[in-house]
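Visitor: Okay, here's the structure, questions in a sec.
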Amino acid sequence: MEVCNGCSDIDGRPVDVQRQENLTLIGVAECNGTLVLEHYRCDTCRAVIARQFTGDINERIWSVIETAH
Ligand SMILES: [Zn+2]
């Protein structure tokens, strides 16, 4: 897994941590008007990162879901 320091740092952090620089919002998912998650692409390492706003406290985190090859 090849991710930059910014991505490895934010992986697993709570969603209330503000997004780092060099992330581009590429998509959002809503359910009944409630924001469920956001997807970002890292401009540095091209990883895709999800920011999940719903679920249990340990699910409401940033997570690297896909890495560039
Ligand atoms: Zn990155």
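Computed from the coordinates by the stated procedures, all read-outs in this text should not be read as laboratory data. All of these numbers come straight from a predicted model, not from anything done at the bench. So basically every Cβ, Gly included, is an ideal-geometry build from the backbone, and we count neighbours across all protein chains shown.
Visitor: Find the cysteines in the chain that fail to meet the 4.7 Å Cβ criterion with every other cysteine, and list them.
Guide: Those would be Cys7, Cys31, Cys42, since no other cysteine Cβ in the chain comes under 4.7 Å of theirs.
Visitor: Hey, can you grab everything whose amide H is under 5 Å from the amide H of Leu37? Only 5+ residues off in sequence or another chain; H modelled, so Pro and N-termini drop out.
Guide: Result for Leu37 returns Ala29, Phe53.
Visitor: At a 10 Å Cβ-Cβ cut-off, how would you order Asp16, Asp11, Asp43, fewest neighbours first?
Guide: The order, fewest Cβ neighbours first, is Asp16, Asp43, Asp11.
Visitor: Arrange the following residues from fewest to most other Cβ atoms within 10 Å of their Cβ: Cys42, Cys31.
Guide: Cys31, Cys42
Visitor: In the stretch 1-16, whose amide N lies under 16 Å from the spot 7 Å out along Cα-to-Cβ of Ile65? List them in ranges.
Guide: Within reach of a label on Ile65: 11-13, 15.
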